[in-house]
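Undergrad: Please read through the structure below; I'll follow up with questions.
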Amino acid sequence: MTEAPGVAANILVVDDDPELGEMVAAFVRRLGHDAMYTQQPGEALSLLTTQPFDLVITDLHMSLMDGITLCGRIAGAQPDVPVIVLTGHGSLETAVAAMRAGAYDYLTKPVNTEVLTMSIARALERGHLRREVLRLRDEVGRVKPSRALVGSSRAMRELHDLTSRVAATDATVLINGESGTGKELVARAIHAMSARSHGPFVAINCAAVPHHLLESELFGHVKGAFTDARSGRPGLFIEANGGTLLLDEIGEMPMEMQAKLLRALQERTVRPVGGDREVPFDARVIAATHQDLDGLVEARRFREDLFYRIAVVIVQVPTLRERSDDVLVLAQHFLTRFVDRFGKRVVGFHPAAMARMVGYGWPGNVRELENCVERAVALCRGDTVTVEDLPERIRTFQPERPMAAPEEATEMMTLSELERRYLQRVLSLVGGNKSRAARVLGLDRRTLYRMLDRERGVEPGGVEPGGERHEHNS
């Protein structure tokens, strides 16, 4: 298969008229592609199962199998291989039938060479894009679970590395981080990369369970242990056997319960409430908190011996302020999710909205950003999220420090200058490809060209300072 449009492709030509078939094949070769010709539609189907073809060009009217039937067979077996149908007797009905059968294009003879050249180029590009989508889906399916932690900033690269290393062990982990940074997501990533990934992942928020019920939730209880205990229950330590137990917000656990937890971790057994025997468990324990446990130990609100028992490895989750380079990546990630959920056709963010988001402080971290994007997608009227779609706190935010684009200088600049710098950065990252830059920015090409014209001081479609006319239709 070809790797990209513009590279020599492998094209199969099918026509039961050898003179016309060889003529089309010769034309394909003059375009720089490899062409194979066959008179038999059945042979064409066999060839497609044994050789990689990027495109099929077939005649419509053939004696053994018509082109529409052939097209339908190809679309059913190899939907990533586009088909161009040629016919000397064109009609609206046959054109519709060909398209319904899965044809990429339908051309009438005699075929204009420029039209055929363009159709071949576009069909190859379409086939390449379909294969690229399939490749990316396969890659996503095989990606390491830690990559669910979206971001490529230095802070996130270090987090990926640490979680990968700690996942290879069975050590108890303490995850520290502000609210909204994604501590449970980190715990899930560690579980998914560990040898226990086949087992359950069980989580409990210690702050959300009343203190008098927490022991029963964790260790279970026997029948009749307390009022309404009509049957026994194993508890989360036992439920997590073979897997991972996350004790979220462990800093909220009462001191009496901390002593019982310490004993359970030391002995690897639990005693159900009302029970008279110890029950062994086999679960990895991960604890998480947004509090300063060192400070709680000094204030005698958290047991020092328990702290050292759970903090064998400490994983610090960075705040969004510490990974501002990831703001736009995360925003696009969330946008894709909510576009699917709401069934809307929003493709990206306007540069001015990006600038606001990059400059905002995000005290609620990733959770706040996720909520912001959900709101923006829900309220967006067009295909691009604008500043007006953002919450007021972000629209009116005044940073204490000058706003700066990721990885760029932090000198004072206007919003238009920040927009200009981000535009140039995106263009640089995509190698100057304006169509790709427009997709990344969530703009149509005409809007991008107008922005570039404005940056150069050129009237749209006008003449640049050097005398070169800037065309918007390229």
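The values are calculated or read from the model by the stated rules, or taken from the named source; none is laboratory data. Computed from a predicted model, the values in this text were never measured in an experiment. Cβ atoms come from the backbone with ideal geometry, glycine included; neighbour counts cover every protein chain shown.
Undergrad: Among the residues of region 164-208, what is the count of those that are buried (at least 16 other Cβ atoms within 10 Å of the Cβ), part of a helix (DSSP H, G or I) and either more than 23 Å from the chain's Cα centre (by Cα) or of a type in the set (Phe, Trp, Tyr) (or both)?
TA: 1
Undergrad: Here are Val96, Val115, Val85: which of them is crowded, with 19+ Cβ neighbours inside 10 Å and of a type in the set (Val, Ile, Thr)? Walk me through it before giving the result.
TA: Details: Val96 fails: crowded, with 19+ Cβ neighbours inside 10 Å; Val115 fails: crowded, with 19+ Cβ neighbours inside 10 Å.
The unique qualifying residue is Val85.
Undergrad: Another question, if that's okay. Any chance you could count how many residues in region 359-375 are in a helix (DSSP H, G or I) and either modelled with pLDDT under 90 or at positive phi (or both)?
TA: 2
Undergrad: Restricting attention to region 236-269, and to residues there that are under 29 Å from Asp292 (Cβ atoms) and free of Cβ contacts under 8 Å to residues at least 40 places away in the same chain, which single residue is surrounded by the most Cβ atoms within 10 Å (Cβ to Cβ)?
TA: Here the residue is Leu236.
Undergrad: Among the listed residues Ala75, Ala95, identify the single one that is farther than 20 Å from Thr117 by Cα, assigned to a helix (DSSP H, G or I), in the same structural domain as Ile120 (by TED's automatic domain parsing) and modelled with pLDDT under 90.
TA: Values: Ala95 fails: farther than 20 Å from Thr117 by Cα.
Answer to the check: Ala75.
Undergrad: List the residue pairs whose Cβ atoms are under 8 Å apart, where the first residue sits in region 206-227 and is in the same structural domain as Arg268 (by TED's automatic domain parsing), the second is of a type in the set (Phe, Trp, Tyr) and surrounded by 21 or more Cβ atoms within 10 Å (Cβ to Cβ), and the two are 6 or more positions apart or on different chains.
TA: Once the first residue is in the same structural domain as Arg268 (by TED's automatic domain parsing) and sits in region 206-227, its partners that are of a type in the set (Phe, Trp, Tyr) and surrounded by 21 or more Cβ atoms within 10 Å (Cβ to Cβ) give Leu218/Phe237; Phe219/Phe237; Gly220/Phe237.
Undergrad: For region 27-42, enumerate the residues that are in a helix (DSSP H, G or I) and over 17 Å from Val85 (Cα atoms).
TA: Let us first name the residues in region 27-42 that are in a helix (DSSP H, G or I), namely 27-30, 41-42.
Scanning region 27-42 gives Arg29, Arg30.
Undergrad: Would you be able to tell me the number of residues in region 341-358 that are part of a helix (DSSP H, G or I) and of a type in the set (Val, Ile, Thr)?
TA: The number of residues fulfilling the criteria is 1.
Undergrad: Name the single residue that is farthest from Ala35 (Cα to Cα) among those in region 99-119 being part of a helix (DSSP H, G or I) and either at pLDDT below 85 or in contact with a strand residue (DSSP E or B) (Cβ under 7 Å, 6 or more places away or on another chain) (or both).
TA: Ranking the qualifying residues of region 99-119, first place goes to Arg100.
Undergrad: While we're on this one: Looking at (1) modelled with pLDDT of 95 or more; (2) more than 21 Å from Ala189 (Cβ to Cβ), which is the one condition that is false for Ala288?
TA: For Ala288, the failing item is (2).
Undergrad: Among Arg271, Arg277, Arg230, Arg303, which is the only one that is closer than 26 Å to Val166 by Cβ and basic (Lys, Arg)? Don't jump to the end; show me each part of the working.
TA: On the way: Arg271 fails: closer than 26 Å to Val166 by Cβ; Arg277 fails: closer than 26 Å to Val166 by Cβ; Arg230 fails: closer than 26 Å to Val166 by Cβ.
Just a single option satisfies the conditions, and that option is Arg303.
Undergrad: Restricting to region 231-265, name every residue that is part of a loop (DSSP other than H, G, I, E, B) and in contact with a Gly (Cβ under 8 Å, 6 or more places away or on another chain).
TA: Our first condition is that a residue be part of a loop (DSSP other than H, G, I, E, B); within region 231-265, this holds for 231-232, 234-235, 240-243, 249, 253-254.
Within region 231-265, Gly232, Pro234, Gly235, Ala240, Asn241, Gly242, Gly243 meet the criteria.
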